[in-house]
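The values are calculated or read from the model by the stated rules, or taken from the named source; none is laboratory data. Quantities reported herein were computed from a predicted structural model and do not represent experimental measurements. Cβ atoms come from the backbone with ideal geometry, glycine included; neighbour counts cover every protein chain shown. The protein model used for the area step is the full one, side chains on, heavy atoms only, and it has no ligands, DNA or RNA in it. Shrake-Rupley method; radii C 1.70, N 1.55, O 1.52, S 1.80 Å.
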Amino acid sequence: MISIEQITPELTWRLRRDVLYPGKKIFEMEMEEDTYGIHFGVFNDVKLVGVVSLFQKGYDYQFRKLAVDPTFQKMGIGNSLLKYITDHAHENSGKRIWCNARVSATGFYLKAGFLQTGKLFSKNGYDYEVMEKELKPAIFRP
């Protein structure tokens, strides 16, 4: 059984390292801005199998370090987590959700309705593209 819960930043570090930065030390996974974000974990029963960190700036939400345990990939967990944080941003008056996607993962985000911006950069040996999704305001009918 899969559940998504808010977690502490420290609980994201091991999966961040194992999936995104193998060979690095766990303490290197801490981001300065972790204390300003909201962190979510996907649990398969009691095992943490997916993580993401979400940061709000005005009406924009940036998510970072989306990682799913390799033995649980291709099972919809990443999609569920992405939908969960997109809904969270929308419910909290967000107008845009975006990320610095690894170029190798742009297909995943395109399938989820994100758009490529053409803003490309490299950092620490990885190539990235900024991808975004506009969040439409909810329509309220009396």
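Failed condition for Ser3, given (1) open to solvent by less than 60 Å² (accessible area, probe 1.4 Å); (2) closer than 22 Å to Leu135 by Cβ; (3) not in a helix (DSSP H, G or I); (4) not aliphatic (A, V, I, L, M), with all others met?
Among (1) open to solvent by less than 60 Å² (accessible area, probe 1.4 Å); (2) closer than 22 Å to Leu135 by Cβ; (3) not in a helix (DSSP H, G or I); (4) not aliphatic (A, V, I, L, M), Ser3 violates only (2).
As an exercise: evaluate Lys74 against (1) open to solvent by less than 10 Å² (accessible area, probe 1.4 Å); (2) assigned to a loop (DSSP other than H, G, I, E, B); (3) over 18 Å from Gly113 (Cβ atoms); (4) not acidic (Asp, Glu) and give the number of the one condition it does not meet.
Unmet for Lys74, out of (1) open to solvent by less than 10 Å² (accessible area, probe 1.4 Å); (2) assigned to a loop (DSSP other than H, G, I, E, B); (3) over 18 Å from Gly113 (Cβ atoms); (4) not acidic (Asp, Glu): (1).
Could you grab the pairs with beta carbons closer than 6 Å, sequence gap of 6+ or different chains, first residue in the stretch 114-128 and closer than 24 Å to Tyr21 by Cα, second one open to solvent by 90 Å² or more (accessible area, probe 1.4 Å)?
none
Report yes if Tyr84 is open to solvent by 80 Å² or more (accessible area, probe 1.4 Å), at negative phi and at pLDDT 95 or above, otherwise no.
For Tyr84, the condition - open to solvent by 80 Å² or more (accessible area, probe 1.4 Å), at negative phi and at pLDDT 95 or above - is met.
Cβ contacts < 9 Å: first residue within 19 Å of Asn100 (Cβ to Cβ), restricted to the stretch 73-85; second residue among the hydroxyl-bearing types (Ser, Thr, Tyr) and assigned to a helix (DSSP H, G or I), any location; separation 6+ or different chain. Result?
Once the first residue is within 19 Å of Asn100 (Cβ to Cβ) and sits in the stretch 73-85, its partners that are among the hydroxyl-bearing types (Ser, Thr, Tyr) and assigned to a helix (DSSP H, G or I) give Leu82/Tyr109.
Residue-wise test of (1) in a helix (DSSP H, G or I); (2) touching a strand residue (DSSP E or B) at 6+ places or on another chain (Cβ under 8 Å).
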position: Gly50; (1), (2): no, yes
position: Ala67; (1), (2): no, yes
position: Leu81; (1), (2): yes, yes
position: Tyr84; (1), (2): yes, yes
position: Asp87; (1), (2): yes, no
position: Trp98; (1), (2): no, yes
position: Gly118; (1), (2): no, yes
position: Phe121; (1), (2): no, yes
position: Lys133; (1), (2): no, yes
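Residues to consider are Ala89, Ala105; find the one that is under 17 Å from Leu20 (Cβ atoms), surrounded by 15 or more Cβ atoms within 10 Å (Cβ to Cβ) and not acidic (Asp, Glu).
Sole residue among the options that is under 17 Å from Leu20 (Cβ atoms), surrounded by 15 or more Cβ atoms within 10 Å (Cβ to Cβ) and not acidic (Asp, Glu): Ala105.
May I ask you to list the residues in the stretch 20-43 that are open to solvent by 50 Å² or more (accessible area, probe 1.4 Å) and either polar (S, T, N, Q) or in a loop (DSSP other than H, G, I, E, B) (or both)?
Result: Pro22, Gly23, Lys24, Lys25, Glu30, Thr35.
Inside the stretch 7-63, can you point out the residues that are of a type in the set (S, T, N, Q) and either on the phi > 0 side of the Ramachandran plot or under 14 Å from the mean Cα position of the chain (by Cα) (or both)?
Residues satisfying the conditions are Thr12, Ser53, Gln56, Gln62.
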